[in-house]
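Student: Below: one structure in structure tokens.
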Amino acid sequence: MSEERGIEKIRTYEEINQKIKSGDAVVLTADEFIKAVEESGLEKAAKEVDVVTTGTFGAMCSSGAFINFGHSEPPIKMFKCWLNDVPAYKGLAAVDCYIGATAMSETKGFEYGGGDVIEDLVSGKEIELRAEAYGTDCYPRRSIETTLTINDLNQAILLNPRNAYERYNAATNSTDKILYTYMGTLLPHYGNITYCGAGQLSPLYKDKGFETIGIGTRIFLGGGIGYIIGEGTQHNPQNQFGTIMVRGDLKQMNARYLRGATYNKYGTTLYVGVGIPIPIINERVAASAALRDDEIFTNILDYGVPSRSRPTVKKASYAELKSGKVQINQKEIPSSSLSSNKVAKEIALTLKNWIEQGTFLLNRPAELIPNHREFKPLEVKGKEPKVRDVMTREIIVGKPNDDIKDVARILIAKGVDHLPIVDNEGKLIGIITSWDLAKAVAQDKRQLHEIMTLKVVSAKEDESIDTVIRRMEQHNISGVPVVDQSDHIIGILTTDDISRKLVRRIIA
């Protein structure tokens with residue numbers, strides 16, 4: 001039978017806190033502890049070091065704040081609410097709201113969001129409040145417009161459902177177009193790799209077994225003191241994707257560690273600083289706290305595949321990712337972090353200083369975070385239309401040497417706007433549209449190869465309609481050839497097909 005998780009075999013929380021109070025606690029950052037283990041060995045370092053401090057600073061989209069405004073005169077039961085024109089959730093009591101980091105301004109869009117509102121509040125800036133109501137006997141006011149600062153609020157509680165991923169998949173892009181994602185801007189043809197997390201400073205990776213992290217754990221949060229209140233959403237610890245749910249008082253925080261941000265053409269977010277003290281209570285915890293960047297691995301996924309099951313291009317260590325270059329297919333691909341390692345180090349050091357100064361004591365968790373949790377994806381129940389359900393299978397195709405005028409007459413007769421071009425084996429090699437033909441006739445072109453588009457945007461028959469519609473919107477086109485795995489043409493999907501077969505089905 002394995003040893004009990006969380007057993008305090010080397011030292012107890014009470015012993016650590018007594019040493020903190022007397023100024024005798026030995027506290028090292030995760031970076032420093034790694035060096036101590038390399039110099040003196042794990043067993044000796046574990047006996048000498050009481051606490052290891054960690055840190056991470058990155059985009060944590062599942063973040064937000066509960067706010068209470070107090071009652072106006074006459075009072076109002078807010079039905080809708082905006083802070084600096086960013087909508088806040090109002091399915092709560094009369095003057096409570098929740099502002100989410102990814103909510104976006106109704107006038108500024110991607111330029112300003114809930115994360116920026118939170119940063120501005122913590123910075124002491126004046127915020128515009130606008131709210132609407134339907135009016136009741138006890139809450140007669142129907143609208144309100146005013147300004148406020150964080151000091152005017154009764155409560156401003158940062159409460160983040162999912163923060164501080166243990167590690168995070170890295171991203172690259174195999175397609176021929178730029179992708180705008182929550183992993184940043186991904187350049188075509190494996191042009192770059194982006195990654196998140198602090199590696200050997202990562203709070204949850206320093207206690208992989210979750211032996212010291214749980215409900216009630218006191219942490220560094222946003223520059224102030226916060227608490228872990230449970231596992232985070234999408235907690236998947238058996239695959240090193242553990243997460244935590246945290247809360248803290250915004251009034252005690254520092255805007256240096258809470259920063260609103262925008263991912264280009266994706267959306268808004270909030271960068272959050274989190275640091276967790278790891279008490280060295282047994283050798284398993286010490287061994288986890290001693291893990292180096294070259295021992296911590298994550299997968300580089302191809303975000304060019306629009307699926308939750310994106311293919312893994314390579315498994316890479318944080319040491320390789322942090323080096324700025326990753327080898328893929330014998331080619332060096334530049335890698336860059338979406339998190340700040342510099343601020344992560346600063347957080348770990350600040351937390352170390354708090355403990356050494358005796359202003360930060362450790363809490364024994366009331367309940368440890370689970371070290372195993374079934375992870376369930378969202379399955380779409382019922383029939384969801386695929387390309388095969390909507391595409392046209394009886395299609396007209398052309399060959400590169402076909403006469404343009406002959407093809408134009410056929411397309412007019414058939415009422416077709418898109419003509420895939422195939423080789424002698426039926427493989428897709430190009431496409432032309434009725435607009436291409438019109439220009440070709442005007443320019444006295446003779447054969448299709450003179451005007452056909454060689455880079456063809458295509459689809460597979462098992463893809464979802466939503467995915468292909470998004471692709472067509474991105475390329476501003478009204479139709480795509482449908483091909484099999486060998487690029488043989490098997491059909492075509494157009495906006496007319498979607499309107500005629502799908503929209504009509506929904507209306508019916």
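Student: In whole angstrom, how long is each semi-axis of the equivalent ellipsoid of segment 1-139, when you take the square root of 5 times every eigenvalue of its Cα gyration tensor and sort them from largest down? Write out the running numbers ahead of the final one.
Tutor: On the way: eigenvalues 475, 74, 42 Å².
That gives 49, 19, 14 Å for the three semi-axes.
Student: How much length is gained if the chain between K455 and S336 is pulled fully straight, taking 0.36 nm per residue apart and subtracting their Cα-Cα distance, in nm to one decimal?
Tutor: Gain on extension, K455 to S336, equals 39.9 nm.
Student: Here is a further query. When the Karplus curve 6.51 cos²θ - 1.76 cosθ + 1.60 is applied with θ = phi - 60°, which whole-Hz ³J(HN,Hα) does each residue of segment 16-23 get, with x for Gly and Pro?
Tutor: 5, 5, 5, 5, 5, 5, 8, x
Student: Could I ask something else about it? Among L129, P377, I219, whose Cα sits farthest toward the positive end of the charge dipole of the chain (+1 at Cβ of Lys/Arg, -1 at Cβ of Asp/Glu, about the Cα centre)?
Tutor: It is P377, whose Cα lies furthest towards the positive end.
Student: Now, a different point. Looking at the chain, what % of the alpha carbon pairs are farther apart than 31 Å?
Tutor: Working: 74471 of 128778 pairs.
Beyond 31 Å sits 58 percent of the P(r) for the chain.
Student: Counting each DSSP H run of 4 or more residues in the chain as -39500 (n - 2.57), what helix-only mean residue ellipticity at 222 nm follows after dividing by all residues, to the nearest 500 deg cm²/dmol? Can you show the working numbers first?
Tutor: Working: 12 runs with 104 residues, N = 508.
Taking each H run of at least 4 residues, the total per residue is -5500 deg cm²/dmol.
Student: Sticking with this structure for a sec: Gain in length, T467 to N299, computed as 0.36 nm per residue apart minus the alpha-carbon separation, to one decimal in nm?
Tutor: 58.1 nm is the gain from fully extending T467 to N299.
Student: Please report the equivalent ellipsoid semi-axes of segment 70-153, computed as sqrt(5 x eigenvalue) of the Cα gyration tensor, largest first, in whole Å.
Tutor: They are 23, 14, 10 Å, listed from largest to smallest.
Student: Taking amide H atoms as placed 1.01 Å from N in the peptide plane, list the residues 5 or more away in sequence, or in a different chain, whose amide H sits under 5 Å from that of I490.
Tutor: V482, V483, D484
Student: Among K90/K383; K206/K331; K177/K414; K427/K455; K35/K206; K108/K251, which pairs are too far apart, with a Cα-Cα distance over 22 Å?
Tutor: Numbers: K90/K383 34 Å; K206/K331 32 Å; K177/K414 33 Å; K427/K455 13 Å; K35/K206 14 Å; K108/K251 26 Å.
Correct reply: K90/K383; K206/K331; K177/K414; K108/K251.
Student: Where the centre of each part is set by its Cα atoms, how far does segment 389-411 sit from segment 306-333, in angstrom?
Tutor: Taking the Cα centre of segment 306-333 as reference, the centre of segment 389-411 is 42 Å away.
Student: Turning to a different aspect of this structure: Rounded to the nearest 10 degrees, what's the angle between the helix 404-414 long axis and the longest principal axis of the chain, both from Cα atoms, 0 to 90?
Tutor: 80 degrees
Student: What are the residues whose amide H is under 5 Å from the amide H of I333, where those residues sit 5 or more places off or on another chain and H is modelled from the backbone?
Tutor: Amide H neighbours of I333, under 5 Å, 5+ apart: V326, Q327, I328.
Student: Return the sequence-ordered ³J(HN,Hα) values of segment 236-241 in whole Hz as given by the Karplus equation 6.51 cos²θ - 1.76 cosθ + 1.60 applied to θ = phi - 60°, using x for Gly and Pro.
Tutor: Listing the rounded values in order: 9, x, 5, 10, 6, 10 Hz.
Student: Right, something else. Compare the peptides 195-207, 435-447, 234-246, 32-44 by average per-residue count of other Cβ atoms within 10 angstrom and give them in order, highest first. Walk me through the intermediate numbers first.
Tutor: Working: 195-207: 27.3, 435-447: 13.5, 234-246: 20.2, 32-44: 15.5.
Descending mean neighbour count gives 195-207, 234-246, 32-44, 435-447.
Student: Grab the other residues whose beta carbon is less than 12 angstrom from that of A316, score K and R as +1, D and E as -1, and report the net.
Tutor: My count for the surroundings of A316 gives +2.
Student: Among 115-121, 256-262, what's the highest-first ranking by average C-beta atoms within 10 angstrom per residue?
Tutor: Taking the mean over residues of other Cβ atoms within 10 Å, the ranking is 115-121, 256-262.
Student: Can you return the aspartates and glutamates within cross-link range of K439? Criterion is Cα-Cα under 19 Å, with same-chain partners fewer than 8 residues away left out.
Tutor: D402, D403, D406, D417, E450
Student: Going by amide H atoms built from the backbone, whose H comes under 5 Å of the H on F79, apart from near neighbours?
Tutor: E132, A133, Y134
Student: Rounded to whole Å, give me the distance from the Cα center of segment 158-212 to that of segment 443-487.
Tutor: 32 Å
Student: From the convex hull of the Cα coordinates of segment 387-507, what is the mean projected area in square nanometres?
Tutor: 7.5 nm²
Every number here is computed from the coordinates shown, using simple stated rules; none is lab data. Since the model is a prediction, treat every value here as computed from it, not as a measurement. Positions of Cβ are backbone-derived with ideal geometry, glycine not excepted, and every protein chain shown enters the neighbour counts.
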